[in-house]
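Encoded as structure tokens, the structure appears first; notes follow it.
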Amino acid sequence: MDWLQAAKERQDELIQELQELVQINSVLDEDTITTEVPFGDGPLQALEWLLAKGQNKGLQTKNVDNYAGHIEMGSGEELLGILCHVDVVPVGDEADWTYPPFSGTVADGKLYARGAIDDKGPTIAAWMAMKLVKEAGIPLEKRVRMIIGTDEETGFRCVDHYFKQEEMPTIGFAPDADFPLINAEKGIAELVFSQNKIGDATKEQLLLFNAGKRPNMVPDFAKATIQHVSESFEQNFQTFLSKNQLDGSLLMEDSRYIITIKGKAAHAMEPEKGVNAAVYLAAFLQQELTTEASKQFVDFIAHVFYQDHYGHQLALQFEDAMSGKTTLNPGIVSYDVHKGGSLVISMRYSVSYPFDEKITAAQRLTVEKGFSLDIQDDSKPHYVSEDDPFIQTLAAIYRRQTGDRETPLLSTGGGTYARVMKKGVAFGMLFPGEPDVAHRADEFVVVENLVKAAAIYAEAIVELAGKK
């Protein structure tokens, strides 16, 4: 069966369905969360949309308490899982987008939208693969189940709930990363640094500081309220912006300055590809502030995170051959003169990271700087040996479909649903050499690659679940 040709013939359908899905704003919506709607209206709407597609094709579907759901075909005792998610991260500043982020605009061979590559595009490619296999009438000796989550970007609560009630796939893949495949996923820890000092609002220079909405995104905007600054403050700020090629603003309001810096969003697994507005704003204020609590807050940020994504100042740095360097992203940064400061950090740590030893050392160093360090969440690393027959099968399918014999198997700092499976890996759909635009403005998927991924996933279904 020529799966690539079959997928090409369905390209218009692929685009149409992806446009319908990305036009649903499925960002976690705190305002519409209820007991029955755990993550808000948008994620549930996206889940229901995809389950309805499965029902229309005569496949078995199930909604598990509006947390997650599945579409299933085939028969047999064993279960092949394809784990996808339909929630997305916030869009950031819409002014940074060339096309509306929930439009699904197609231009120059690309479809632009929040979720286009993370993870709605890959989800639709996998859904098309299931349809192609079903319509080809190929007999299956395993059940094939697309499991659809709605809270991947904010904590995996969806699949945690799902697997309390539903069976774990025997084997599976998450089309939510890179080809050829990712058999090593770093650990993901959420660290919270809390400042212990409270300032005097009449004397402190820094009154408010806010940046970031999610730990897993590099903040692209930071804002602070300042008072009692030097006469050269405005000129120094303009010099700092020019030197660092940044945009920012400075306004006087009731004898206080409102100061902002604009950065560049990126995924927390690759913080070096973004420009962290919070860190740059702190680096500037470090030169200007002298009052105790204010100075301590910006000193800590600038000293630990300015031009260093790897945690050297807190002895958190580490790398291994399997998964590369440990990285840290200050994703949510806040300060209130009446409450002190806090930073929520997404740390992506190497597979062989000596976690307890490193964190204990970092806690000691953090206390010396006037902060405390707590672990808010920790998802352990996930690794499947490249010698495993399951890994070898998927890698061979990718190489047959693409002719790429050179690209090695990969590791990632991103966390996919693969880590919740006993034997699971991330399998595409970003191809070698493509820029990773997940979590950024102007996120897109290349239409040609969407088609190619559908073909790869179709062959994978047949190879892993078809009758031998």
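The values are calculated or read from the model by the stated rules, or taken from the named source; none is laboratory data. Note that this is a predicted model, so its numbers are computed, not measured. Ideal geometry is used to build each Cβ from the backbone, glycine not excepted, and the neighbour counts take in all protein chains shown. We work out accessible area using only protein heavy atoms, side chains counted, and drop any ligands, DNA or RNA first. Shrake-Rupley method; radii C 1.70, N 1.55, O 1.52, S 1.80 Å.
Working value for the chain: equivalent-ellipsoid semi-axes of 43, 23, 20 Å, each the square root of 5 times a Cα gyration tensor eigenvalue, largest first. At an R0 of 35 angstrom, the distance between the Cβ atoms of Ser242 and His338 translates into a FRET efficiency of 0.55.
Remark: segment 314-407 projects, on average over all directions, an area of 8.6 nm² (convex hull of Cα atoms). Net charge in the neighbourhood of Leu83 (other residues with Cβ under 11 Å of its Cβ; Lys, Arg +1, Asp, Glu -1) is -1. Between the beta carbons of Glu94 and Leu208, assuming R0 = 25 Å, the FRET efficiency works out to 0.55 to the nearest 0.05.
Look at the dipole of the chain built from charges on Cβ: of Ala396, Ala7, Pro101, the Cα furthest out on the positive end belongs to Ala396.
For the pair Asp378 and Val37, a Förster radius of 30 Å applied to the C-beta separation gives a FRET efficiency near 0.60, rounded to the nearest 0.05.
Within the shell defined by Cβ-Cβ distances under 13 Å, the residues around Tyr310 carry a net charge of 0, with Lys and Arg each +1 and Asp and Glu each -1. Stretching the chain fully between Ser385 and Asp2 yields a gain of 134.9 nm (0.36 nm per residue, less the alpha carbon separation). Label zone of Lys468 (point 7 Å out along Cα→Cβ, amide N under 18 Å): in segment 395-439 this covers 395-397. Heavy-atom accessible surface of the chain, averaged per residue, reaches 40 Å², computed with a 1.4 Å probe. Taking the DSSP bridge list for the chain and keeping only pairs wholly inside it, about 80 percent are antiparallel.
Put a plus charge on the Cβ of each Lys and Arg, a minus charge on the Cβ of each Asp and Glu, and nothing anywhere else: the dipole of the chain about its Cα centre is then about 680 debye.
The stretch between Glu9 and Thr260, if pulled fully straight at 0.36 nm per residue, gains 85.4 nm over its current Cα-Cα span. Quick one: angle between helix 11-22 and the longest Cα principal axis of the chain, in degrees between 0 and 90, rounded to 10, please. Taking Cα atoms only, the helix is inclined about 40 degrees.
Among the listed pairs Lys273/Lys380; Lys8/Lys422; Lys262/Lys380; Lys213/Lys295, a Cα-Cα separation exceeding 27 Å is found for Lys8/Lys422; Lys262/Lys380.
Count the net charge of all other residues whose Cβ sits under 10 Å from the Cβ of Met168, scoring Lys and Arg as +1 and Asp and Glu as -1.
Computed value for this residue: 0.
Angle of helix 41-56 to the longest C-alpha principal axis of the chain, folded into 0 to 90 degrees and rounded to 10: 10°. Evaluated with a Cβ-only charge set (Lys, Arg +1; Asp, Glu -1), segment 151-262 carries a dipole of roughly 440 debye about its Cα centre, given to the nearest 20. The stretch between Ile138 and Arg400 holds 92.3 nm of extra length on full extension. This uses 0.36 nm per residue minus the Cα-Cα distance.
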